[in-house]
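The values are calculated or read from the model by the stated rules, or taken from the named source; none is laboratory data. Because the structure is a prediction, the values reported are computed rather than measured. Note that each Cβ is placed from the backbone with ideal geometry, even for glycine, and that neighbours are counted across all protein chains shown.
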């Protein structure tokens with residue numbers, strides 16, 4: 001209740017909203033750590049604003065104990081907390097630490113980015129990108145490492161209509177999510193924010209499927225979604241003949257040749273099942289399960 005007191009004081013001071021406080025408290029329960037650190041990592045409040053609030057004594061009586069608790073956060077921990085990521089759970093490395101250990105940046109570059117973060121009130125990942133030390137893609141690769149997620153590049157990804165139909169375009173754009181594959185395990189979903197779990201919960205509700213997530217850059221997700229729903233086919237140029245090569249007419253069958261045999265219903269059904277399985281739309285097991293359900297229903301009527 002100490003941390004909630006601090007949070008309520010920040011709400012009363014107009015530094016965060018009630019919604020932001022509830023989100024921070026939820027993440028704190030899941031990952032641990034100090035509320036002040038969680039708020040910094042989520043970008044809901046800057047280190048400067050938090051320190052100013054605590055030093056000026058604007059906290060209410062209910063937040064007094066929370067202020068004392070928040071003061072236990074060490075300066076280095078507060079600095080390192082302001083990254084483009086949610087709080088580090090016990091055993092989870094910090095964002096800057098991962099970058100240094102992977103050789104992406106050095107300690108001096110991290111300190112320079114932290115200084116920019118304090119001045120502009122931005123997250124450390126954005127600061128490092130602004131300084132030209134890393135790219136947006138490296139930011140999200142690092143986040144994937146921190147959260148134990150797979151990072152995917154969508155540069156060669158081709159959306160499948162039967163999978164894209166699971167979610168409305170507006171929902172995908174607003175929540176920066178992309179359904180990639182439907183299989184026996186449920187739905188594979190690319191997300192652009194590992195913190196925003198409510199979007200994943202909403203996908204589970206909308207689809208009724210178990211959802212597995214991978215991380216991608218928000219820009220790549222928006223590009224695929226926009227490209228799929230706003231595909232434009234260029235009309236032929238008026239007055240100009242088409243430059244597309246003409247397909248040669250098939251030669252007539254030799255005299256006396258018989259027509260191709262008609263396809264039986266059984267063969268057609270097997271072909272449909274094979275295609276659905278190959279394209280990853282539905283597996284044989286799912287189709288057989290549905291067929292058994294229909295057979296049982298027919299017997300019951």
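Here are the numbers:
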{"read-out": "Flag for residue 59 being in contact with a helix residue (DSSP H, G or I) (Cβ under 7 Å, 6 or more places away or on another chain), modelled with pLDDT under 55 and not assigned by TED's automatic domain parsing to the domain that holds residue 5", "value": "no"}
{"read-out": "Matching entry among 35, 15, 40 (being under 21 Å from residue 123 (Cα atoms) and either at pLDDT below 75 or surrounded by fewer than 21 Cβ atoms within 10 Å (Cβ to Cβ) (or both))", "value": "15"}
{"read-out": "Any hit, the range 135-153, residues being touching a strand residue (DSSP E or B) at 6+ places or on another chain (Cβ under 7 Å) and farther than 30 Å from residue 22 by Cα", "value": "yes"}
{"read-out": "Residue among 104, 26 that is modelled with pLDDT of 75 or more and either within 18 Å of residue 138 (Cβ to Cβ) or not in a helix (DSSP H, G or I) (or both)", "value": "104"}
{"read-out": "Odd one out for residue 99 among (1) free of Cβ contacts under 8 Å to residues at least 40 places away in the same chain; (2) touching a helix residue (DSSP H, G or I) at 6+ places or on another chain (Cβ under 8 Å); (3) part of a helix (DSSP H, G or I)", "value": "(1)"}
{"read-out": "Residue check for residue 177: in contact (Cβ under 8 Å) with a residue 40 or more places away in the chain, over 12 Å from the mean Cα position of the chain (by Cα) and outside the structural domain of residue 29 (by TED's automatic domain parsing)", "value": "no"}
{"read-out": "Meets criteria (assigned to a loop (DSSP other than H, G, I, E, B), in contact with a strand residue (DSSP E or B) (Cβ under 6 Å, 6 or more places away or on another chain), at pLDDT 70 or above and assigned by TED's automatic domain parsing to the domain that holds residue 173) for residue 209", "value": "yes"}
